Amino acid sequence: MGDTPIPPSEGTPSPLSSSTSGVFVQSLFNSLLRRLAGTVVLLSILASCSAPQPTGAPASSPSPTVAPPSPSATPTPTLAQRLDLTSATTQGLTLHYAPTTAPIQVQWVVDTYARAKELLPTTLAVPLTEATVYLLDQEAYTQIIGGNHPEWTQGYFREGEAYINRAPSLIWDESVPEEERQGWLGLHIKEITQMITAHELTHLALREHRLPRWLDEGLAQYVEAKMAPPESAARLLLQRRYKLRAAMIAGLLPTAAQLASPNWATDAQGEADLHLLYDVSALIVQAVAGQQQEDGVRRLVASRGAETPVDALLRQTLQPWLNTPLPEEQAALVLCGLNRFLALKDQATDAWDKMVDSPTPVYLGFQTWLQLLAADLDGLPADTLVEEIRATYANSVAWWNEALESYSQGDFLTGNRLFRLSTTLSNTANHLLPQAWGVYLIVPCPLLEAQLP
């Protein structure tokens, strides 16, 4: 704050004026009167020394009375002061945060800023020289964004400053139990903080380019995904692809006119439409990067999206890219096929147990089951990200068939050894399967198979 001017204290004289000089002469007159009472000559002289009554303009203008300076208005407190935030500056970053913020989360923001300074010039050909960021608690964040931003977003950029919710809690609908929300946040709060920070810093770096809204948001989401752990970024990409394919099949994909609107929040026909606008923007940029590498992304920035009209990007870039399965999506198709195979294998195992427990097992009659299992596996795409699982199950069925041949010839020693090998291979595949399911199966199999050939 600036110093407040101090007014003159009581008794401090201001510069003399004609009226104050009269007071002075009168005082002198009273003093001399006490000393020389009765002296007529001196009285006459002293009387002539008193201030004359004005008869027009004075010979010399009296000094004006100077009013004491009034105190200046108290400076308006800054947002950081109003919210009682702690402030720190490092390498061009000015960070304001609640004093109760964990130091490690403050460091995540600082580290993300440092990474963004390196990433943005190479990825988008735009510099990031400085930034002002507010890391706020839920109450302060909600108060600041008011009703001007969708509540499910956890970052906000306005007038050259970024606002980030340090404990995001509005990212699910009410159907998700609170315990599940908090558990997920506990595991992912670091990546959420880093992704949101990177997103808003990208807006900051691009603000002078005055890009179309769809491109500005698409680029911010593209950069935030680069800041995320690879498994999170991959999952987010797949989720968006499935969502947009579903919208495309239903005829609900946003139009070029909707994308070109500068007022998404007010023009969107509800929250679902707004989500789609964000997702389409993100995947247009992602599709350009997939087809043209980052040179294409930098051209989008340099041309402000004018190099290719947005309607052409929708028809010629995004839609063909969505219709071409990614390796991860092919892997998901195989996993759905393996799910059907396992159901068939359970039936075959029950039939096997009944056969071997019968008084006169007919081993060769079981070959029909093994042929069905082998054909089911052969019908799945090979050379995918989960090919090891498919191939291991196929080898298990093959050795099961070899064991069957030995049993049918009465060679139970060899048959048991081959059957144990088949069981070991099946258990190995069973062990690999759950991890692959968690990575690649983002949507239920019926939805996946309805979207992809």
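Some notes on this structure:
- Among residues of region 261-280 that are under 26 Å from residue 235 (Cα atoms), those with a Cβ under 8 angstrom from a residue that is surrounded by fewer than 16 Cβ atoms within 10 Å (Cβ to Cβ) and aliphatic (A, V, I, L, M), sequence gap 6+ or separate chain, pair up as 274/265; 276/252.
- Exactly one residue out of 308, 317 is under 22 Å from residue 453 (Cβ atoms), of a type in the set (Val, Ile, Thr) and touching a helix residue (DSSP H, G or I) at 6+ places or on another chain (Cβ under 8 Å), and it is 317.
- Counted as qualifying within region 227-286 are the helices (runs of 4 or more DSSP H) with 3 or more residues that are farther than 25 Å from residue 210 by Cβ and of a type outside the set (Lys, Arg), namely 230-249.
- Condition met for residue 240 (among the basic types (Lys, Arg), surrounded by 19 or more Cβ atoms within 10 Å (Cβ to Cβ) and touching an Asp or Glu at 6+ places or on another chain (Cβ under 8 Å)): yes
- Given (1) among the small types (Gly, Ala, Ser); (2) in a helix (DSSP H, G or I); (3) in contact (Cβ under 8 Å) with a residue 12 or more places away in the chain, index of the condition residue 305 fails: (2)
- Near pairs, Cβ below 6 angstrom, 6+ apart or cross-chain, from region 158-183 (closer than 21 Å to residue 101 by Cβ and at pLDDT below 70) to any residue that is in a helix (DSSP H, G or I) and of a type in the set (Val, Ile, Thr): 168/192
- Output for region 396-453, where each listed residue is within 19 Å of residue 340 (Cβ to Cβ), among the polar types (S, T, N, Q) and in contact (Cβ under 8 Å) with a residue 24 or more places away in the chain: 396, 426, 451
- Residue that is surrounded by the most Cβ atoms within 10 Å (Cβ to Cβ), among those in region 83-109 that are part of a strand (DSSP E or B), in contact with a strand residue (DSSP E or B) (Cβ under 8 Å, 6 or more places away or on another chain) and without any contact (Cβ under 8 Å) to a residue 60 or more places away in the chain: 95
The values are calculated or read from the model by the stated rules, or taken from the named source; none is laboratory data. The structure displayed is predicted, hence computed values, not measured ones. Backbone-built Cβ (ideal geometry, glycine too); neighbour counts: all protein chains shown.
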